Amino acid sequence: MTAPPSSAPFRFLVAARYAGMESSPLKDIFALAAREDVVSFAGGIPDPELFALEEVTACYDWVLAQQGHRALQYGVSEGELELREQAARRVSRDLPTDASQIRVTSGSQEGLFVVAQALLEPGDVVLVESPTYLAAVQAFSVHGARMIGVDTDDDGVIPEALEEAIRTHHPRMVYLIPTFQNPTGRTMPLERRQAVAEVLQRTDVPLIEDDPYGALSFTGSTWAPIAALPGMGERTILLNSMSKLMSPGVRIGWMRAEGPVLDTLAVAKAAISMQSSVVDQLMVARYLETVDLDAHVARVSAVYRERRDAMSAAIAPVLPDGAHVTRPEGGMFLWAALGEGYDAQEMLADAVKAGVAYLPGWSFYADHADRSTMRLSFVTHSPAVIEDAVARLGEVIAAHRA
């Protein structure tokens with residue numbers, strides 16, 4: 001005799017690694033960005049008016065007209081050869097690379113998940129900057145890794161603190177964003193990169209280096225990745241993405257690595273998603289072959305610089321005494337620490353009521369979060385919109401003044 005159906009609604013049993021993750025800061029970013037009544041500084045969402053729509057359309061048209069049957073078919077887990085060749089050319093500006101050393105991913109976010117799948121065991125320690133990219137923390141955490149934050153200053157991770165953390169925690173790997181870091185916008189100068197590389201080589205710990213923003217320079221200066229320093233290429237997996245340079249809707253990025261780990265990365269990629277979209281890969285390859293991406297990035301960066309200037313000028317007078325705010329030389333974000341007595345998470349509801357949103361900084365910390373911090377992206381809105389919204393945010397900060 002069968003039991004009568006329960007009146008309670010059915011619920012799937014969720015894996016322990018996702019327990020409590022019904023929502024996430026990333027999911028909330030896009031919800032805020034979709035609200036027409038809110039000026040959102042929460043997500044690093046490019047202004048769609050800056051997309052190279054005509055060029056991208058022409059590249060899709062060419063791919064479908066010239067290679068349509070191939071573009072709509074299954075591909076290979078390593079990535080299509082044309083794209084790997086174009087990616088290798090770009091990486092080779094700083095670090096000699098050939099197509100065999102490139103593995104294509106669906107954006108650098110999938111690259112982080114592939115790395116975690118390929119390299120991490122439950123209980124492994126990953127050292128990260130404090131603060132660091134929140135989606136990296138999520139990708140590593142769901143694979144059972146334990147994140148340990150390493151102290152930073154305005155030049156990035158502190159080498160002495162990194163060495164002490166390696167000696168104490170014996171990590172499986174170190175994850176860093178050296179250029180226009182998310183969330184702070186900081187950039188490691190060359191001397192700091194060299195010091196970090198020396199620590200990693202001496203302690204024999206591999207590096208996962210994330211570089212999705214490095215080309216978005218406001219000064220014309222660029223920084224070679226840590227992977228390009230002597231002895232670092234073989235011990236670094238370098239992640240790049242086209243999302244911030246061309247279009248985030250085209251989910252294409254790549255990893256650069258050396259040696260047997262390349263095969264493992266391809267197997268992990270196949271287990272996750274078989275392969276990245278072939279039609280998108282071929283389009284990006286055509287784009288890189290025929291369009292001057294550097295000129296496009298220079299135009300976008302000039303606009304972003306104006307918006308950075310507008311946000312920096314607007315936010316300085318509304319911050320409390322003792323607050324600290326970064327002034328990035330590129331990328332998409334600035335980082336404000338309001339100081340003792342402020343809680344950016346508690347302030348957020350009032351800010352949204354005032355028609356402005358940001359991302360509370362606590363979510364970017366692996367541990368020991370500074371709850372007075374907030375990340376603000378300046379790339380989506382015009383200077384006039386930024387100035388008005390920051391003024392409203394200033395009223396909220398004043399109302400919460402400690």
Which value in nm describes the separation of the simple spin-label points at residue 294 and residue 64, placed 7 Å from the Cα toward the beta carbon?
3.2 nm
Checking the a/c ratio against 1.5 first, then a/b against b/c, what shape does the Cα gyration tensor give for the range 214-285?
oblate
Looking at the chain as a GNM with Cα springs under 10 Å, which of 158, 208, 102 has the largest mean-square fluctuation?
158
The answer for residue 106, listing residues at least 5 apart or on another chain whose modeled amide H is closer than 5 Å to its amide H, is 111, 253
Once you sort the root eigenvalues of the Cα gyration tensor of the range 141-249 as a ≥ b ≥ c, which label holds: rounded (a/c under 1.5), prolate (a/b larger than b/c) or oblate (the other case)?
prolate
I'm a student and want to see the number: the projected area of the Cα convex hull of the range 267-375, averaged over all directions, in nm².
11.1 nm²
Using a Förster distance of 35 angstrom, determine the FRET efficiency expected from the C-beta separation of residue 399 and residue 198, and round it to 0.05.
0.15
The range 317-383 to the range 202-251: how many Å between their Cα centroids?
25 Å
Between the range 261-312 and the range 155-194, what is the separation of their alpha carbon centroids in Å?
24 Å
Using the Karplus equation 6.51 cos²θ - 1.76 cosθ + 1.60 (θ = phi - 60°), what ³J(HN,Hα) coupling, rounded to whole Hz, does each residue of the range 270-284 give in order, writing x for Gly and Pro?
4, 5, 7, 8, 6, 7, 6, 3, 5, 5, 5, 4, 5, 5, 5
Rank these by accessible area, largest first, 1.4 Å probe: 324, 368.
368, 324
Order 283, 274 by their accessible area, 1.4 angstrom probe, all chains in place, largest first.
274, 283
Can you tell me how the range 172-213 classifies by the Cα gyration tensor, rounded, prolate or oblate, using a/c under 1.5 as the rounded cut?
oblate
Given the candidates 379, 196, 115, the one whose Cα lies deepest towards the positive end of the charge dipole of the chain, counting +1 at each Lys or Arg C-beta and -1 at each Asp or Glu C-beta, is 115
Nonlocal amide H pairs with residue 39, under 5 Å, H built at 1.01 Å:
356, 357
Counting only protein heavy atoms with a 1.4 Å probe and every protein chain in place, the carbon and sulfur fraction of the accessible surface of the chain in whole percent equals 53 percent
Which length gain, in nm to one decimal place, applies between residue 316 and residue 73 when the Cα-Cα distance is subtracted from 0.36 nm times their residue separation?
82.2 nm
Mind putting together the pair-distance distribution for the range 75-128? All Cα pairs, 5 Å bins, whole percent per bin, short to long.
4, 17, 21, 20, 17, 11, 7, 1
Phi-based couplings in Hz for the range 344-353 (Karplus 6.51, -1.76, 1.60; Gly and Pro marked x):
5, 5, 5, 6, 4, 4, 5, 5, 4, 4
Is any residue of the range 340-359 close enough, with backbone N under 15 Å, to a label point placed 7 angstrom from the Cα of residue 37 along the Cα-Cβ axis, and if so, which?
349-357
Along the dipole axis of the chain (charges at Cβ: +1 for Lys and Arg, -1 for Asp and Glu; origin at the Cα centre), the most positive-end residue among 348, 369, 283 is 283
Using a 7 Å offset from the Cα along the Cα-to-Cβ direction at both residue 85 and residue 10, what is the distance between the two label points in nm, to one decimal?
5.1 nm
Residue-normalised value, i.e. accessible area per residue, for the range 255-389 at 1.4 Å probe, in Å², stands at 39 Å²
Sequence order, the range 369-378: Karplus ³J(HN,Hα) from phi using 6.51 cos²θ - 1.76 cosθ + 1.60, θ = phi - 60°, Hz rounded, Gly and Pro as x, gives 5, 8, 6, 8, 8, 8, 9, 10, 9, 9
Whole number in Å², please: accessible area per residue of the range 31-167, 1.4 Å probe, ligands, DNA and RNA not counted.
45 Å²
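The values are calculated or read from the model by the stated rules, or taken from the named source; none is laboratory data. Being a predicted model, the structure only gives us computed values, none of them experimental. So basically every Cβ, Gly included, is an ideal-geometry build from the backbone, and we count neighbours across all protein chains shown. Surface accessibility is based on the protein's heavy atoms, side chains included, excluding ligands, DNA and RNA. Shrake-Rupley method; radii C 1.70, N 1.55, O 1.52, S 1.80 Å.
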